[in-house]
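Everything below concerns the one structure shown next.
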Amino acid sequence: MKKLALLVFIVLLFPLLYSQVEKDYSKVAIALLKYGGGGDWYGDRNALPNLARFVNQNLPVRVSEEVKIVSPMDDDLFSYPYIFMAGHGNVRFTEEEVLRLRKYLTSGGFLHADDDYGMDKYFRREIKRIFPNNELVELPFDHSIYHIYYDFPHGLPKIHEHDGKPPQGFGIFYKGRLVVFYSYETDLGDGWEDPEVHHDPEEKRLQALKMGANILLYSLLY
Amino acid sequence: MSGYDRIKEYLGRLRKEVAQIRFRTGLILAVALFVLLVFLVATLEGFFYFSPQVKKFAVGILFVVLGGVVAGNILVSFAIFRGWTERYSDRKLAELLISKYGKIGQRLINVIQLNEQRPSLKSGVSSALINVYTQEVADELEDVPIENVVDSSPVRKAGIFLAVVIFIVLAVTGYNFRFYKAALTRLKNARTEYEFPLPFTILSLKGNTQVLYGDTLDLSFEIKGKLPKQLFLSVRFPEHTILDRIRVEDSVVTYELRNLRETAFCEAFVVNKNIFRRWSRISSGVDTIRVISRPEILEYSFEVIPPPYTRLEKAVHQSSNREVRAYPGSLIGVNILANKEIEEGKAIFKSGKVYPLKVKKNKGKFDFRVRENDEFLIKIYDREGIDNISPIKYVVELLKDGYPSVKVLSPRGNFELNESMVVPLGIKISDDFGFSACNIVYRFLNKVENLDTFKIAFPIKEKTLPLQELYYDWDVGSLGIVPGDEMEFWIEVYDNDVVSGPKRSVSRKVFVRYPTIIELFSQVSEAEEQMVDEALDILEEVEESKKVLEESSIKLIKENEIKWERKVQIERELKKTKELGERIKKLSQKLDEVIQRSKENLLFNEEILSKLARLQEAFEQIMTPELQEAMEKLKRAIESMDKEEIARALQNFKINQERFEKELDRMLDIFERVKIEQAVDEMVKRINDMVKNQDSLSRILEGADSLRNTAMLRLANEEEKIGYDMTSLEDLMKTTLEDMQKFPVMPSEELNNISEEIKRMDIASDLNEAASSLRNMNPKKAFNRASSAADKMHSAANMLEEFQKTFKVRTMEEVLVDFQNILSHALQISKEQEKISGSLKDISYGSDKIQDIMVQQSWNVENLSKLLSELSSLSGKTFAVSPRVGKYIGQAYSKMRSVLRNLQEGSVAVSRRDAREALRSINDCSLEIMFSMENLLSGGQATGFKEYLKRLQQLASQQEGLNQETMKLGLGGEGGRLSLQRLAARQMQIKRALEQLQRQMRGNPDQVGDLSGIVKDMEKVIEDLKKNRVLRKTIQRQQRILTRLLDAQKSIRAQGYKKKRKSRTGQDVVRESPSLPSDYGEKSSLLRENLEEALSKGYSADLEKVIRKYFEILSTEEEKSEK
């Protein structure tokens, strides 16, 4: 009887042992922000793991290549020092989400928003709700985000053409700290995708990855 | 005293006398000699002007001689006195007595001899005798006076001689008293050099003089005395000497020295070559001619400080450059270095300005500001007031600060506004130094009452960058632009020249128009017409190609082998087909542009737009992979020149070409229908737009008494315009009616009635009258007419809106009726097939029922063909018909044919099976038709995208939640086994929902996306969870499921993407860096801070809401008060 009980115990325990999913706590976790409003928040899902891989291969930080999806109301929102959002369309946060995001960003979090084309007016509207007293200001080319690891003397690289405008990097500063970085008219996320997706020249992909690495590193250090 | 002593004494006295006489004589002669010598020397001196050395020597000699003679005389006399001389020994003296006193003399001599020889006398000589003898003589001598013995005549003679000499000397000297006086004086001053008196003197009249550097000097010499024939002039320079011979003709001799640059020494002289003349050279003496250097500027340097606005660095130029080039307003500092100390200086400009120099030692400087072209030179003065000659002239040349330039990059040509009311401006500005302002200058062209130009600033962040590309979205929404308005704008840019004033340049003018809604519709309509024409052309060409290929097919059968011309013919048709495909792709692009334009200007509703989008996609995909493969196969077959292969490939190609033609035809049909739907939509929009404008006009006219004439004219124009629009609308209705004739089901009758009714209203007439009244300045009448027109237009709008609803319903009904008919037919065929299937169960080979069954099956085949053609017809009306329907029909058809064949061959079992499969296919087909109908009904449109998308979103969201929970449990979260089971159940639910969705959307498999693999993954996940396993693979599968769900949504949305969203690699842009505002965009708000503080206190959610509301109100109040 005892033997049987022991056997049952082991059998029950076995799956639990196997179900341990490895989690490497030594790596920084980054996340993709899921938002409401109907926009395609999931558009750059493969892009982020590529960015993480690039960072691990080339920078002295370790980032988890398993990119999480996080909503503003998730409990583990604050576990991610860097969250990324992109899309082509509408973005809408509920009131609670607005407050939660503000709390996250003012408590040390960092949001990188990348306009895939079409998200601009919605993002601006929503970020204004989160930071009503803070303007999105264009960062000068000598800002450290453009030089923290790789040098971009002319600011953001232009990855994809949208409306024929120059690429711009905007930021929201909260008490002197850059908490939101918004890349517009460049589509960095597309640049992080696998080469066969957009068939961009390798140089362009590299530029996008390098800039992404800069932003990620900046978010971790500042 | 002995006699001898007495004789000695006497002799001594005699000797003394002789000595004295001798001495006196000698002395007198010495004096005479001296006098003579003196006289001689003086005479010689008088003639020859001895040198001091000679004189000293002569005088010395004189005194030496004198001294020598005197000394000699004294010596001789003393020697005589002492008897040292033989000549005046005792004996000789005794001889003197002989001459005068003969005997005594002789006796004396004897005495002397005796006494001298006494010692040596040996005998016979008595000493006493000698003594006596001596005494006697001595006694005798006493009586001889010495004076008588000695001849004193030499003294007398000497005296006489001296006297004579003196006399002569005195006589001569007395006669040439001056001569000798001078000579003796000169001799007396033996050390002094006395000039020999020259025959003439040369006197330099200039003497030491100084001249200025480069000057000419006239030398002149005066000759006093006997003029020489010539004289020499020596001018000695440091490096060379001029020696010139001048003929003397006058007592004054002149000589010119030109361009004196160095100090020189000049001397005029005459050289004596005659040895008998005492002088060797007569000179004027050396005069010094000092050349005084003028002050001279050795170095210039210029410091050019450009005006601050240029931000140019200052430059320093050296004197080698005689030009100073600078921008107006530049400050030029001139520094000079002179060869000597400067007392003062000034710069003299050609323009008349004079600037004093600040001097210090040999340096000087001055500043001036450049305003115009000019020239200047610098004069400096030394302490003596001497200035520099021929100063260098410097030219001041103004550099031109060029005009700025401005180029409009976008819009490229004329621009049409759309609903966004934004003109995307891109400009390129350049200037040598920077800008002070940039403006957009615009004016309206059609507003006759206000043709002024207006300006708004074009923002330039960095004004100092000389070359910039700037982009600015100019929102013209606030300018009060209405459809039909035209304006032009240009960019003016000013440079930052603060010295001469900013210079202005302007760009080309850009014409901007806000097209009226009618124009927009017209453009769309025109484009669509062109597309239809093009599509028809393509169809025609396809038809021709088909004929050619058919002909080729027939000939191919007849010919034994492939002929070259056949090959060429087929290749040509292949090429044509490819080109047709390209043309259709272009059509697709054009349609996309139409869609975008329509979207931007909100021309059509969502439904029409989605139909157009669907059409556009269909156009794009018309060159199906099967057709392309068929073309490729044919091409390969032709290359192989294998007749059989070509025949097969040609057949295959023809089939696909047929499909291509049919598909194109179908799309054209749908397009025409959509166009009609568009036209109906357009009518409603246009009438509503006109109503809005008319209402607005009427309101203005209501209080129109105080309107100015120009305003009334404008309103008249507006009214007329609405009138034209109304006419145009009526034309549109007429055209739409004509188009509707092709489609009997469409409510053309109703439209016709409405058209007639509107015509009867004669709205245009009211509008024209209103316009006319306004022109006649009769606003009241105009108002009446305008109001009447407005009322009628409202009525017309209502009618059209009703018609629009009717139209939608009718078109929907038409499609649904067709669907129902088709479904009914399909069910009938299914029923028949079931019967056939049932019949086949009970029969065997050779049964006589086989024939009947075959007949039934043949009828069913025929009915199936009819069904297919009905479906084709329906496909030409809506996209709701899924290709799967056709596929199932095809399968059913094939199986039915197989039944017939097998029955003929006697294979009953096979035909039984085929019959069953045919039945299954027909049933599947019926299901597909039902799903399509459901879809159509649920979406209210032929597509159903929205619902599908929403459902997918929900499923994705559910899946995501499930994934997260699985992850948590996988980490050893609480719940364990039971929780996993619950998760399995949830996954099962999602799977079922997805399958149902799949079934629903089977009418549009392309829209469904890649859902096929999702279900399989879900099944595996369910299996794992049921087995209480959460493996890495499980998690990965769940992730994959979610990704696919999301990708499926994405593929739907991708249909709505603009063409330009297709990724196009961007080109890097180099531009000036923006700058951060000083506040980093942070505007501190006490309210905000307080709110955050309040919310951090941990109040309940309801209370937090109240707090937020309170702060919101406060914030609004704050903003209002700020405004």
Of the candidates B:LEU357, B:SER284, B:SER390, the farthest towards the positive dipole end of the stretch B:258-410 (Lys/Arg Cβ +1, Asp/Glu Cβ -1, centred on the Cα centre) is B:SER284
Alpha-carbon gyration tensor eigenvalues x 5, square-rooted, for the stretch B:266-383, Å
54, 13, 12
For the stretch B:198-292, what is the largest minus smallest coordinate of the Cα atoms on each principal axis, given in angstrom and ordered from greatest to least?
44, 25, 18
Give the average, rounded to an integer, of partner chain Cβ atoms located within 10 angstrom of each Cβ in B:1022-1032.
3
Kirkwood Rh, chain B, all Cα pairs: how many Å?
48.0
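Tell me the net charge near B:SER1073. Cut-off is 15 Å between Cβ atoms, B:SER1073 excluded, with +1 for each Lys or Arg and -1 for each Asp or Glu.
-4
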Give the angle, between 0 and 90 degrees and rounded to the nearest 10, that separates the Cα long axis of helix B:606-620 from the longest principal axis of the Cα atoms of chain B.
80
How many angstrom lie between the C-alpha centres of the stretch B:342-396 and the stretch B:408-485?
52
Separation in nanometres of the label points that stand 7 Å from Cα toward Cβ, at B:ILE166 and B:ARG369
10.7
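How much accessible area per residue does the protein assembly as shown have, in Å², with a 1.4 Å probe?
Details: 68200 Å² over 1345 residues.
I get 51 Å² per residue for the protein assembly as shown.
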Longest principal axis of chain B (C-alpha) makes with the long axis of helix B:127-142 (C-alpha) an angle, in degrees to the nearest 10, of 80
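How about the stretch B:662-708: which trypsin sites (Lys or Arg not before Pro) there are in a DSSP loop, with at most 14 other Cβ atoms within 10 Å of their Cβ?
Working: sites: B:LYS662, B:ARG666, B:ARG673, B:LYS675, B:LYS685, B:ARG686, B:LYS692, B:ARG699, B:ARG708; in loops: B:ARG708.
In loop regions of the stretch B:662-708 (DSSP not H, G, I, E or B), the sparsely surrounded trypsin sites (Lys or Arg not before Pro) are B:ARG708.
How crowded by other chains is A:112-122, given as the mean number of beta carbons from other chains within 10 Å of each beta carbon? Provide the component values of the computation, followed by the final result.
On the way: counts 0, 0, 0, 0, 2, 5, 3, 0, 0, 0, 0.
Mean partner-chain Cβ count within 10 Å for A:112-122: 1.
Normalised by the residues of the stretch B:412-515, what does the relative contact order come to in percent, with Cα pairs under 8 Å and at least six apart? Don't skip to the end; give the middle numbers.
On the way: 215 pairs, mean separation 39.4, N = 104.
Over the stretch B:412-515, the number comes to 38 percent.
Taking only C-alpha pairs under 8 Å that are 6+ residues apart, what is the relative contact order of chain B in percent? Mind dumping the intermediate values first?
Values: 1617 pairs, mean separation 56.9, N = 1123.
Taking the mean separation of contacting Cα pairs over the length of chain B, I get 5 percent.
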Range of Cα positions in the stretch B:3-187 per principal axis (Å), largest first:
75, 28, 17
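Out of the total accessible area of the protein assembly as shown (probe 1.4 Å, heavy atoms of protein only), what percent is carbon and sulfur?
52
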Can you give the charge dipole size of the stretch B:497-646 about its Cα centre, rounded to the nearest 20 debye, using +1 on the beta carbon of Lys and Arg and -1 on the beta carbon of Asp and Glu?
820
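Using square roots of five times the C-alpha gyration tensor eigenvalues, list the equivalent-ellipsoid semi-axes of the stretch B:201-355 in whole Å, biggest first.
Details: eigenvalues 631, 38, 23 Å².
In descending order, the three semi-axes are 56, 14, 11 Å.
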Taking Cα atoms, how many degrees apart are the long axis of helix B:52-82 and the longest axis of chain B, rounded to 10 and kept between 0 and 90?
30
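Given contacts defined as C-alpha pairs under 8 Å and at least six residues apart, what's the relative contact order of the stretch B:518-680, whole-number percent? Don't skip to the end; give the middle numbers.
Details: 111 pairs, mean separation 51.8, N = 163.
Answer for the stretch B:518-680 is 32 percent.
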For the stretch B:412-515, what is Rg from Cα atoms divided by 2.2 N^0.38 Å, rounded to two decimals?
1.14
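Using unit Cβ charges (K, R positive; D, E negative) and no other charged atoms, how large, in debye to the nearest 20, is the dipole of chain B about its Cα centre?
Magnitude of the dipole: close to 8260 debye.
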I'd like the distance separating the alpha-carbon centroids of the stretch B:165-242 and the stretch B:602-616, in whole Å.
133
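Looking at the stretch B:801-851, which chymotrypsin sites (Phe, Trp or Tyr not before Pro) are DSSP coil and have at most 11 other C-beta atoms within 10 Å of their C-beta?
Numbers: sites: B:PHE803, B:PHE807, B:PHE819, B:TYR845; in loops: B:TYR845.
The qualifying sites are B:TYR845.
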Hydrophobic long helices for chain A, i.e. whole DSSP H runs reaching 27 angstrom or more by Cα along the axis with Kyte-Doolittle mean at least -1.0, come out as A:202-221
Would you mind computing the Rg to Rh ratio of the protein assembly as shown from its alpha-carbon coordinates, Kirkwood style for Rh?
1.50
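Can you give the mean number of other chain Cβ atoms that lie within 10 Å of the Cβ atoms in peptide B:571-580?
Working: counts 0, 0, 0, 0, 0, 0, 0, 0, 0, 0.
Across B:571-580, the average partner-chain Cβ count within 10 Å equals 0.
Å³ per residue of the Cα convex hull, for the stretch A:27-221? Don't jump to the answer; show the numbers that get you there.
Numbers: hull volume 20.7 nm³, N = 195.
Output value, Cα hull per residue: 106 Å³.
The values are calculated or read from the model by the stated rules, or taken from the named source; none is laboratory data. Treat the numbers as computed from the prediction; the structure is a model and nothing was measured. Quick reminder, even Gly has a Cβ in these numbers, built from the backbone with ideal geometry, and neighbours come from all protein chains shown. Side chains are part of the model used for accessible areas, which takes the heavy atoms of the whole protein and leaves out ligands, DNA and RNA. Shrake-Rupley method; radii C 1.70, N 1.55, O 1.52, S 1.80 Å.
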